[in-house]
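Participant: Got a structure for you, questions after.
The values are calculated or read from the model by the stated rules, or taken from the named source; none is laboratory data. Keep in mind it's a predicted model, so treat the numbers as computed, not measured. Here the Cβ is made from the backbone with ideal geometry for all residues, glycine too, and neighbour counts use every protein chain on show. We work out accessible area using only protein heavy atoms, side chains counted, and drop any ligands, DNA or RNA first. Shrake-Rupley method; radii C 1.70, N 1.55, O 1.52, S 1.80 Å.
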Amino acid sequence: MERDVKRGLSSYVIVSLLLHLIIGIILLVGLDFSKPKRPAASGQIVQAVMMDENFLNQQADQIQQKQAKQQAVKKEKEDAERTRRERIEEQERLQAAEEQRKSAEEAVRKAEADKQMKIAEQKRAEEKTKAAEEARKVEEQKAKAAEEARKLEETKALALKKKKEEEREKAEAEQKAKADAEKKAKADAEKKAKAEAAKKAQEEAQKKAQAEADKKAKAEAEKKAKAEADKKAKAEADKKAKAEAAKQAKEDAERKRKADEEAKLQQELEAQMQQGLEAEANARAQARSGQAAGEVDKYGAMIVDTIRRYMLTDQTMKGKTCTLRLKLAPDGFIISADTGSGDPAVCRAGKAAALKAGKVPVPKDPAAFAQLQDINLLVDPFGG
């Protein structure tokens, strides 16, 4: 603006100088440099001067008009310049607004790009976290599977150990039951043997008392003393047996119950088997010569079959035998059983079976029984 003011002042100065220069030239041109003439009249001189003033006024008017025109042109130029500047300023404002808009759009685009980048980074981080979590879960599952496998192996090992322990306990229980059965059978046999012996002694004493009347008092005394001794021995034996039975009652309760059931069933089966054995013995006896020898062989085979039914056998006894010596009562009760030559395992099993059987079939013929009351038998577990 200040520059425009200075420019306007300079134009006025130039115009003023030009105006003064023109006026000076006109004044110089209007001067008469010829010799002075005598004036014809004084009025003409005044008229000349007047004409010069009009001319000057006209020139002044022209100059003013020119200046006004110049001022108008100048104003138009200034208006045009102002309009141009305003247009340029408007263009600059619009350009600045456009640049500002572009900058805002660029900022928005950049913000959106940053947002998308952050979202992508967050997504990658989430995927990485998810992958790490899945990997951790896989490791946990592997560890859990390994732990379960270890526990399963421990369970199997414990189950195997428990099974072996149960088998061992079962074997010990069976062995103990077998030993108890043998012990009981032996005790019963000895008890019966003593009873038979006492009975036989009493009969002999009675016979002797009848034969020797003079020794009756002494025999009666001996008989009474012996009876007292036998009674005392029997009482002691009964007391010992009761104590042993009380001790083993808890362990033998179930076994005795089964034994009673088996005995009952055995009694029912023995009649049937007796018939079968007698038939089998008769068939074998027919092949042998001699009626007495056939009777002995028949009942000997029946006795062996009876013992074999009560034997506990295994495959290691196959092809092996043992000789058993039995002492029998007239009713078939086994008074004693002793082993002879043969396999030790077969001998033990045969002796235990004889004591467990307790009683075997015997012939009613006294002559035949006389040959069987003290007999040696060859026992083969598998009937070879």
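Participant: Using a 1.4 Å probe, what is the accessible area per residue for region 106-220, in Å²?
Facilitator: Result: 87 Å² of accessible area for each residue.
Participant: On the protein heavy atoms, probe 1.4 angstrom, tell me the percent of accessible surface of region 160-216 carried by carbon and sulfur.
Facilitator: 51
Participant: Another question, if that's okay. Compute the FRET efficiency between residue 115 and residue 144 as 1/(1 + (r/R0)^6), taking r as their Cβ-Cβ distance and R0 = 35 Å, and round to the nearest 0.05.
Facilitator: 0.25
Participant: Determine, for each peptide in 346-355, 181-190, the mean count of other beta carbons within 10 angstrom over its residues, then list the peptides with the highest first.
Facilitator: Taking the mean over residues of other Cβ atoms within 10 Å, the ranking is 346-355, 181-190.
Participant: What is the spin-label model distance, in nm, from residue 186 to residue 325 if the labels are put 7 Å beyond Cα along the C-beta direction?
Facilitator: 1.7
Participant: Moving to a separate point now. Can you list the lysines whose alpha carbon is less than 23 Å from that of residue 216, not counting same-chain residues fewer than 8 positions off?
Facilitator: Excluding near neighbours in sequence, the set is 199, 200, 207, 208, 224, 226, 231.
Participant: I would also like to ask the following. Please get the size of the charge dipole for region 161-234, origin at its Cα centre, with Cβ charges of +1 on Lys and Arg and -1 on Asp and Glu, quoted in debye to the nearest 20.
Facilitator: 140
Participant: More than 22 Å apart: what percent of Cα pairs in region 75-225 qualify?
Facilitator: 80
Participant: Another question, if that's okay. Please give the FRET efficiency for residue 225 paired with residue 167, using the beta carbon to beta carbon distance and R0 = 41 Å, rounded to the nearest 0.05.
Facilitator: 0.15
Participant: Now for a separate question. So for 79, 61, what's the accessible-area order with a 1.4 Å probe, most first?
Facilitator: 61, 79
Participant: May I pose another question? What is the magnitude of the charge dipole of region 293-384 about its Cα centre, with +1 placed on the Cβ of each Lys and Arg, -1 on the Cβ of each Asp and Glu, and no other charges, expressed in debye to the nearest 20?
Facilitator: Computed charge dipole of region 293-384: roughly 280 debye.
Participant: Express the accessible area of region 320-380 per residue in Å², computed with a 1.4 Å probe while the remaining protein chains stay in the model.
Facilitator: Result: 46 Å² per residue.
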